[in-house]
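So the structure is just underneath, and the comments pick up after that.
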């Protein structure tokens, strides 16, 4: 399954504390909604019921279905670092920290995009939820942070972080099956995160800025099992299980944001 063009909006709070010893602590927390997108479900070897009375089913080769997507997301990160290089107009230092990202994607409706038809031979209305994908990534962050004045009141700051270890947990729920099919997923992976912000100092303490952010996570060792309506060749209402098997997943998010910040205390 591929979830694509997931447009979202969110709000967040952020803070940074720099100590006289050049140790800094920073972080942010945010939440928002996924307000648009699409999901394509590609399947091989499904079954098609050609005689409902006799329950006759035959395997299909390959098919693709399409659905609209909406949902929500929440995220947070916290870092502790040390300014190795610093002066009046810049500071640069490594950090270690923690990243959390959770998203829930609900797929609505179902339209068959290929033939032969099977799953969505009869289109499912757009107001019905067919699949929910719930993902959580928790990761260790190791990176470098920089803050600098580039000219007069203009400044720039940014982070680049590598995620050497990430823990993934997911649940893929197929609501239209009888019984409902649940696919729990878990594993480990890696990732990268980066952001860059251009700031303008309105007063000595009040700043505004505009920036961009990119996150990527991918699994390196993950498994998926199934509980419920897993066997599509079995009669409706049959409960079955599928033991854990190798599974891969990846997530990318990117976007722009505007911010305002207030600095307590005098300028360095």
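Calculated on C-alpha atoms, the gyration radius of the chain divided by its Kirkwood radius gives an Rg/Rh of 1.11. Remark: the residue 19-residue 86 segment gains 22.9 nm on full extension, using 0.36 nm per residue and subtracting the alpha carbon distance. Once the mean of 1/r is taken over each pair of separate Cα atoms and inverted, region 83-227 shows a Kirkwood hydrodynamic radius of 18.9 Å.
Residues of region 147-179 with an amide N closer than 11 Å to a point placed 7 Å from the Cα of residue 239 along the Cα-to-Cβ direction: 179. If R0 is taken as 30 Å, the Cβ-Cβ distance between residue 250 and residue 111 corresponds to a FRET efficiency of 0.75.
Bear in mind that the values in this text are calculations on the coordinates, not laboratory data. As the structure is a prediction and not an experimental result, all values here were calculated from the model. Note that we place each Cβ from the backbone using ideal geometry, even for glycine, and neighbour counts take in every protein chain shown.
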